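Each value in this text was obtained by applying a stated rule to the coordinates, not by laboratory testing. Note that this is a predicted model, so its numbers are computed, not measured. As a convention, Cβ positions derive from the backbone with ideal geometry for all residues, glycine included, and neighbour counts pool all protein chains shown.
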Amino acid sequence: MRDVLVVCDASPLIALCAIGRIDLLRSLFSDIWITDLVRAEIKADLPDWIQITTQYNPDDFALLRVGLDRGEASAIAFAMGQENATLIIDELAGRRVARELGIPLTGLVGVLLLGIEKNLIASGSEIVADLRTHGFWLSSKLERLLSDQPTP
């Protein structure tokens, strides 16, 4: 997946920053983009290898705003205009719309599972505990999925 252009929404970035694992994105993907509107939702400092764009179709953005917040709509609009883009998004409404548009997607848990698979995360259970400590909610099913992963 290193060669895939990744477009990220705010909540996965906020969670990765909170648990000190923003570096995971750079280890997994070579090209990571967010929109200016996603950046505005993130209070934490971000590394300079995360690229910020304002280049999303305004008509697509306006249509997507009907059911989504500004960050989600801009991220999906930007992904729509990119070849070979994968969207990292957690919000259910945004995931539904991205699927309907045929945009490949994953979420925070998918990124963490890939990190475990690539031996970049030593313990899924520790990640779950870190997320809980920082106030991030995962369903018990997703917590078990992360915690039950074999680690090196």
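Quick grid of which residues meet (1) exposed (fewer than 13 other Cβ atoms within 10 Å of the Cβ); (2) of a type in the set (D, E, K, R); (3) in a loop (DSSP other than H, G, I, E, B); (4) within 16 Å of the chain's Cα centre (by Cα):
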| site | (1), (2), (3), (4) |
| --- | --- |
| VAL66 | yes, no, yes, no |
| ALA73 | no, no, no, yes |
| PHE136 | no, no, yes, yes |
| ARG144 | no, yes, no, no |
Restricting to the range 104-152, what's the tally of residues that are polar (S, T, N, Q) and within 24 Å of ASP9 (Cβ to Cβ)?
5
Could you give every pair whose Cβ atoms fall below 6 Å, whose first residue belongs to the range 64-89 and is among the basic types (Lys, Arg), and whose second residue is not in a strand (DSSP E or B), counting only separations of at least 6 or pairs across chains?
ARG65/ALA73; ARG70/LEU37
When residues of the range 26-40 are filtered for being touching a Lys or Arg at 6+ places or on another chain (Cβ under 8 Å), farther than 14 Å from LEU112 by Cα and crowded, with 19+ Cβ neighbours inside 10 Å, how many remain?
2
Just wondering, is there one or more residues in the range 137-151 that are closer than 30 Å to ASN84 by Cβ and touching a Pro at 6+ places or on another chain (Cβ under 7 Å)?
no
Options ILE116, ILE103, ILE127; residue that is under 24 Å from THR35 (Cα atoms) and in contact with a Leu (Cβ under 9 Å, 6 or more places away or on another chain):
ILE103
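Can you tell me which of ASP60, ASP45, ASP23, ASP9 is under 18 Å from ALA98 (Cα atoms) and surrounded by fewer than 21 Cβ atoms within 10 Å (Cβ to Cβ)?
So the residue among ASP60, ASP45, ASP23, ASP9 that is under 18 Å from ALA98 (Cα atoms) and surrounded by fewer than 21 Cβ atoms within 10 Å (Cβ to Cβ) is ASP60.
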Looking only at the range 46-60, which residues are touching a residue at least 24 places away in the same chain (Cβ under 8 Å) and within 23 Å of GLY115 (Cα to Cα)?
LEU46, PRO47, ILE50
Options GLN51, GLN82: the member that is crowded, with 16+ Cβ neighbours inside 10 Å, in contact with a strand residue (DSSP E or B) (Cβ under 8 Å, 6 or more places away or on another chain) and of a type outside the set (A, V, I, L, M, F, W, C):
GLN82
Can you name every residue in the range 85-116 that is acidic (Asp, Glu) and either within 22 Å of TRP137 (Cα to Cα) or surrounded by 17 or more Cβ atoms within 10 Å (Cβ to Cβ) (or both)?
ASP90, GLU91
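On the basis of being in a helix (DSSP H, G or I) and either under 23 Å from ARG70 (Cα atoms) or in contact with a Phe, Trp or Tyr (Cβ under 7 Å, 6 or more places away or on another chain) (or both), does VAL128 make the cut?
no
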